[in-house]
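Scroll down for the structure; my scribbles are underneath it.
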Amino acid sequence: MSHGTERLSTAAHGTDQASSQLLPLAYDDERRQFRCAPPASGGQPDAQNDRRARPPEWLDEQYRFEKLLVDLSAGYVNLPADQVDAQIEETQRRLVEFLGVDRCSFGEFAEEKKELRVTHSYVVPGLPPFPRIVLDDQYPWYTEKIRQGEALCFERLPADLPPEATVERELCVQTGFKSHLAIPLKVGGSLLCVLTFGSLRDYRRWPDELVQRIRLVGEILANAVARKRADIALRESEGRFRLLADAAPVMVWMSGPEKLCTYFNKHWLDFTGRPLLRELGDGWSAGVHPDDLPRCLRIYVQAFDARQPFRMEYRLRRFDGEYRWILDTGVPRFQSDGAFEGYIGSCIDITDQKRVEETLRAREQSLRSSQDDLRALASQLLQAQEQERRRIAREMHDDWTQRLAVLAIDAVKLERQLGAPDTALRLLTAMREQMVALSEDVHDLSRQLHPSILDDLGLVEALRSECASFARREEIAIDYRPGSVAAGLPMDVALCIYRVAQEALRNIAKHAKADFATVALGGDDRELILTVQDRGVGFDMGSIRSLPGIGLSSMRERVRLIDAELSIQSAPNDGTTVTVRVALGPQS
C-alpha cells in the first residue's frame, strides 16, 4: 500500500476467474519479481502434477529462497536483544530485493493488543519512506482484520477491497497503491505482530506457496521480537529488583538451585566491607562466626533440600571486624511453571535487640530473686505474726480470762453477803454481767488471735467454734457443713484454711450485706477443700485489684505458702464464693 496505507488489510477477494486460479510461481530475472509459470499442458494446471510441471528455473528459485531462509535464520541465532531491530531492518531489505516489491513493513501489537504500531519499514530507493504510525485510528477495517488473525492478499487494488473498507479504498485511489500482502504472526498462540509487503508500480500476485514461505520468515522475526520483549522485561524486572533491594534498609541475598549465592545487595556489601565477587558462591560463609557456621550451614542445607522457608540467627563479621548478630530469613523461589529457582533472603542486624534481651533477662532474674526474697520475708513475717498471736492469745486466755473469772466469782460472793438491798444488788449484778461479757470478748479475741482449739481439737472443731462465734457476734446465720477431713492434717495447712475462712467471714460482715452464709469443709486423702459462700451484693471481678484492704492479698499469700489453689468467683448482686483446694500427700 502507499505512503500511509501499508497497514491496509483486505480479505482476498477474487478479481476474476482466471486470477483466482493461482499458477505455479516463477522468478522473473529481468523484472526481479515472481511471476506465474505456464501450466504443464495447454489446459488448466493439475494440482497433482504441479511440482513435476515446474521448469528448472523454478527449482533454482526455490533453492535460492530456502538458502535465503537459512541465512536469515542464522542471523537471529544468539542475537542480543539490542541488535534485534537492526537485524529486522536488514531482513526487510533482503526480502524486498529478493521478491521485487517496493516496500516491507513490520508492525507490533502493544501489550494486550491495544495498539498496532509500525516499528520497522524498508522502502526501495526513490519512494517515500513509510512513517512509524499507529494504524488503529487511520485504517480501522484493515487493523481489525489483522487483529482477528486474517492473512490479507490484495493483487489488484482498490478493486479487491470490500465495500466497508471505505477509508482504505480512498487511500489506494489517492496513492495509486496496486498490491498488498499482510501476514499476522503469533507466538505462543498470541498475536504479536504483522509482516506486510506492498507494490506501488505493478500489480502482482501472491501465490499460496509464496505466502507460506514468507510466513516462515515472519515467524523468525516474531520469535526474535518475543525474545527481545522477554529480555527487556527481564532486564527491567531485574533492574527494579536491584534498585529496590539496594534501597531497602536490610541485607538481601539470592541463591540459585545449586545452593550457591548469586546476588548480594549494596547493604550487605557495605556491612561486610567485601566486594561482590568475594561474597558470591559460598564466599559469604567466610564472614560467619566459626562457632555459628556449622549450625548455620546445616539449617540452610536442610531447608534448601526440603524447599522450605527458614529462619536462623548467627554472628556475621562487620567491616570493622566486630561480629554482629544477624537474623536471616530465606524463602524458596519458583518459576511460573513450578520449577525451583533457588532462594531469596533478607537479613537484619539484631545485636542491639540481643543486648536488650540479655539486659531484660538479667533484670528479670534479679527481680525474680527479689520476689523470692520478698516471698520468703512475707512467709517469715506471717510465721512471726502467728507466733506472736499465739503468745498474746495464750496470755489473754491463761491470765486475763482467769483474772476476770476470779473477779466475777468474787462479785457473786459479795452479792450473797450483802443480802437483799436492792440498790447494791442491782449494781453488783450489772458489774458481774459486764465482767462475764468482758471475759467472753477477751476469749473471742484470744481465739481470733490464735485458736487454741485448733491445736487441741483440730480444724473441723476450730471452724465450728469460729462459725458459731461469728454468727453470734455479727448476727449472720452460718450453715457449717463439715465433711471428711484426712487425719494428721499438717498444722500449717490447718492454720491456713482456718485463716482464709476467718478472713472470708470478716469480708462477708464488712461488704456482702448478707444475712446468710455457708461454710463447707471436706475432701479425701488426696485433697482438702474449703468453700465459703454468701448471697450478698457481690462485686465486679475486674475491679478486684482496686478493692480496699489487704484481706484478699493475705488470702493469696497464705495459700501460696502451702502451694494451694485459691479461686474467687463473684458478680454484682450474685454473691461471692471463695474456694481453697489443697493437694494432700507425702509432700504435705
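What follows draws every value from the coordinates through simple rules; no lab data is involved. Nothing here was measured: the structure is a model prediction, and the numbers come from that model. Positions of Cβ are backbone-derived with ideal geometry, glycine not excepted, and every protein chain shown enters the neighbour counts.
Which semi-axes, in whole Å and largest first, does the equivalent ellipsoid of segment 90-244 have when worked out from the alpha carbon gyration tensor as the square roots of 5 times its eigenvalues?
Working: eigenvalues 172, 61, 44 Å².
Three semi-axes, in Å: 29, 17, 15.
When the Cα convex hull of segment 233-298 is projected onto planes of every orientation, the mean area is 5.1 nm². If the chain linking ARG117 and GLN174 were pulled fully straight, counting 0.36 nm for each residue of separation and taking away their Cα-Cα distance, it would gain 18.3 nm. Peptides 298-305, 318-325 ranked from most to least packed give 298-305, 318-325, packing being the mean of other C-beta atoms within 10 angstrom over each peptide's residues. Volume per residue for segment 456-543 equals 102 cubic angstrom (convex hull of Cα atoms).
In this simple spin-label approximation, ALA405 and ARG278 carry label points 7 Å from Cα along the Cα→Cβ vector, and these lie 9.7 nm apart. In this structure the amide hydrogen of LEU584, modeled in the peptide plane, comes within under 5 Å of the amide hydrogens of GLU527, LEU528, none closer than 5 places in sequence on its chain. Scaled against 2.2 N^0.38 Å for its residue count N, the alpha carbon radius of gyration of segment 180-280 is 1.87.
For the pair segment 555-570 and segment 455-499, the centres of their Cα atoms are 17 angstrom apart.
Diffusion coefficient of segment 203-262 by Stokes-Einstein, Kirkwood radius over Cα pairs, 20 °C, 1.002 mPa s: 137 µm²/s. Mean silhouette area of segment 230-376, derived from the convex hull of its C-alpha atoms and averaged over all directions, reads 12.0 nm².
Using a Förster distance of 56 angstrom, determine the FRET efficiency expected from the C-beta separation of GLU219 and ALA286, and round it to 0.05. Walk me through the numbers before you get to the answer.
On the way: r = 50 Å, r/R0 = 0.90.
So, using R0 = 56 Å, E works out to roughly 0.65.
Considering only Cα atoms, the convex hull volume of segment 109-183 works out to 104 Å³ per residue.
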